[in-house]
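Q: Encoded as C-alpha cells, here's the structure I'll be asking about.
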Amino acid sequence: VYGRENGEPTETKFPARQSRRAFEQIATQHHLDPARCVFAKQNPIAIAAGAFHNDVVAVGNERVHLVHEHAFEDLAEVTDQLNAALDFDLITLEVHDEKVSLAEAVSTYLFNSQLLTVGADEMLLLCPSECERSGDVRAVIERILADPENPVCRCEFLDLTESMQNGGGPACLRLRVVLTEEERAALPKSTWLTESRYHELRTYVSEHYRDELTSNELADPKLALECRRIAADVNALLLG
C-alpha cells in the first residue's frame, strides 16, 4: 500500500510516506510473482486525516479484510484485484464513514487492532480500550460479531495507553510470519516463547531494566555499556 505515485509531490500536512516505486522495487528484488502482487493506493482523504500508514484504516487476516471505506483511493478496484490474486474469496468487512469517521478511526485505532485466528474458521479482534469507550466503534464491532457470514466471533479490549500515546496500537506490537509445519519444525526450540522462557525474561527485565532515566544519565557513556550488556544477556536468554 503506497501513498504517492512515482514523482508525485508530498507537500501535505501529513506526508504520503510510502511510494509505489519503493514497493515495485521490493517486489522485484524478492522475485515475487507479478500476478500475485497488488499495489493499492491510499486515499488522500485518509492521509490528510492522519492515517499516513494504512494499518490505521485497514487490517487483514487470512480471508478477512476489515477496512474503512476511505482507506484506498478506489476500494472496489483494490478488492477486485485482491480477489483476482488470491486463491480464495475475500470477505471484505467495509466500515462506512457515517458509522465510524476517519477521525474516530484514527483516535481509537479500530483498524490497528489485531485480527487473530483462534480456531477452525474463528477469529478474535483484539482492540485497544479506546474502541470500547467509543459508542460508534463499539456498535460496529458488535455488528461484526453478530454477523454469521464472517469468522470474527470474539473481541477483547486491552489498555494500551502508553503505546497509544506514542502512536502505536495493537498491530504495531506484532510482526507475524506464517509458517508451514515443516518450517516450524526446522526452527530451533529456543525460538518459541514458552511459559518458562516468558518468566525468565520477565524476571530479568524486573531486575535489570531501569524504571526511569534522567537527562544526565542519558549523557553518561556508562549507560551505553549497560545497554549493550543487557542486550547481550537477553540475546543469550533467547538463544539458550
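Q: Of the beta bridges DSSP finds with both residues in region 58-143, what % are antiparallel, to the nearest 5?
A: Of the beta bridges lying entirely in region 58-143, close to 65 percent run antiparallel.
Q: Now, a different point. Which longest uninterrupted range of the chain lacks any chymotrypsin sites (Phe, Trp or Tyr not before Pro) assigned by DSSP to a loop state (not H, G, I, E or B) and surrounded by at most 10 other Cβ atoms within 10 Å?
A: Looking at the chain, 89-191 is the longest stretch - no exposed chymotrypsin sites (Phe, Trp or Tyr not before Pro) with at most 10 other Cβ atoms within 10 Å.
Q: Could you give each residue of region 39-48 its phi-based ³J(HN,Hα) in whole Hz, using Karplus coefficients 6.51, -1.76, 1.60 with θ = phi - 60°, and x for Gly or Pro?
A: 9, 10, 8, 5, 7, x, 4, 5, 4, 5
Q: Is any residue of region 79-122 close enough, with backbone N under 15 Å, to a label point placed 7 angstrom from the Cα of Leu193 along the Cα-Cβ axis, and if so, which?
A: Once the point is set 7 Å along Cα→Cβ of Leu193, 114-117 turn out to lie under 15 Å by backbone N, inside region 79-122.
Q: Still on this model: Using alpha carbon centroids, what distance separates region 99-142 and region 65-89, in Å?
A: Answer, in whole Å: 19.
Q: Under 5 Å between amide H atoms, partner at least 5 residues away or on a different chain: which partners does Val95 have, H built in plane at 1.01 Å?
A: Amide H neighbours of Val95, under 5 Å, 5+ apart: Val67, His68, Glu69.
Q: Rounded to a whole number, what is D in µm²/s for the chain from Stokes-Einstein with the Kirkwood radius over alpha-carbon pairs (4 °C, 1.567 mPa s)?
A: Once the numbers are plugged in, D ends up at 63 µm²/s.
Q: Ignoring any ligand, DNA or RNA, what whole percent of the accessible area of the chain comes from carbon and sulfur when the probe is 1.4 angstrom?
A: Result for the chain: 52 percent of the exposed heavy-atom area is carbon or sulfur.
Q: What angle, in degrees between 0 and 90 and rounded to the nearest 10, separates the Cα long axis of helix 195-208 from the longest principal axis of the Cα atoms of the chain?
A: For helix 195-208, the angle is close to 60 degrees.
Q: To check you understand DSSP bridge types, tell me what percent of the beta bridges within the chain (both residues inside) are antiparallel, rounded to 5.
A: 45
Q: Moving on. List the residues, sorted by chain then number, that are 5 or more residues from Met123 or on another chain and whose placed amide H is less than 5 Å from its amide H.
A: Val118, Val152, Cys153, Arg154
Q: Hey, another quick one. So who's got an amide H within less than 5 Å of the one on Asp147, skipping anything under 5 residues away but keeping other chains? H placed 1.01 Å off N, in plane.
A: The answer is none.
Q: I want to make sure I understand the PRE zone here: with the label point 7 angstrom from the Cα of Asp97 toward its beta carbon, which residues in region 43-76 have backbone N atoms less than 15 Å away?
A: Under 15 Å, as judged by backbone N against the label point of Asp97, lie 43-51, 57, 68-76 of region 43-76.
Q: Quick one: length gained pulling Glu149 to Leu223 fully straight, 0.36 nm per residue minus the C-alpha distance? Mind showing how you got there, number by number?
A: Working: separation 74, 0.36 × 74 = 26.64 nm, distance 5.43 nm.
Stretched fully, the Glu149-Leu223 segment lengthens by 21.2 nm.
Q: Work out the FRET efficiency for Thr161 and Leu86 from their Cβ-Cβ distance, taking R0 = 35 Å, and round it to the nearest 0.05.
A: Given R0 = 35 Å and the Cβ-Cβ separation, E is 0.45.
Q: Hey, another quick one. Which is the longest stretch in the chain that no exposed loop site breaks, taking sites as trypsin sites (Lys or Arg not before Pro) with a DSSP loop state and at most 12 other Cβ atoms within 10 Å? Display every interim value, and only then the final one.
A: Numbers: sites that count: Lys13, Arg174, Arg176, Arg210.
Longest stretch, sites excluded: 14-173.
Q: Roughly how many Å² is the accessible area per residue of the chain, as a whole number, for a 1.4 Å probe?
A: 63
Q: Test of the criteria: in region 58-117, which GluC sites (Glu not before Pro) are in a DSSP loop and have at most 11 other Cβ atoms within 10 angstrom of their Cβ?
A: Qualifying residues, ordered by number: Glu98.
Q: Convert each backbone phi in region 73-82 into a coupling constant with the Karplus relation 6.51 cos²θ - 1.76 cosθ + 1.60 (shift: θ = phi - 60°), then list the ³J(HN,Hα) values in order as whole Hz, x for Gly and Pro.
A: Computed from phi, the couplings for region 73-82 are 4, 9, 4, 4, 5, 4, 4, 4, 5, 5 Hz.
Q: Separate question: Once phi is turned into ³J(HN,Hα) by the Karplus curve 6.51 cos²θ - 1.76 cosθ + 1.60 with θ = phi - 60°, what whole-Hz value does each residue of region 14-31 show in order, with x for glycine and proline?
A: Karplus-based 3J(HN,Hα) across region 14-31 equals 10, x, 6, 6, 9, 10, 4, 4, 4, 6, 4, 5, 4, 4, 5, 5, 8, 6 Hz.
Q: When you take every Cα atom in region 120-210, what is the radius of gyration, and what is Dmax, the widest Cα pair distance, in Å?
A: Gyration radius and largest Cα-Cα distance of region 120-210: 17.6, 49 Å.
Q: For the residue pair Ile230 and Ala22, what label-to-label distance in nm results when each label sits 7 Å from Cα along the Cα-to-beta-carbon direction?
A: 3.0
The values are calculated or read from the model by the stated rules, or taken from the named source; none is laboratory data. All figures in this text were calculated on a predicted structure; none of them were measured in a lab. Here the Cβ is made from the backbone with ideal geometry for all residues, glycine too, and neighbour counts use every protein chain on show. We work out accessible area using only protein heavy atoms, side chains counted, and drop any ligands, DNA or RNA first. Shrake-Rupley method; radii C 1.70, N 1.55, O 1.52, S 1.80 Å.
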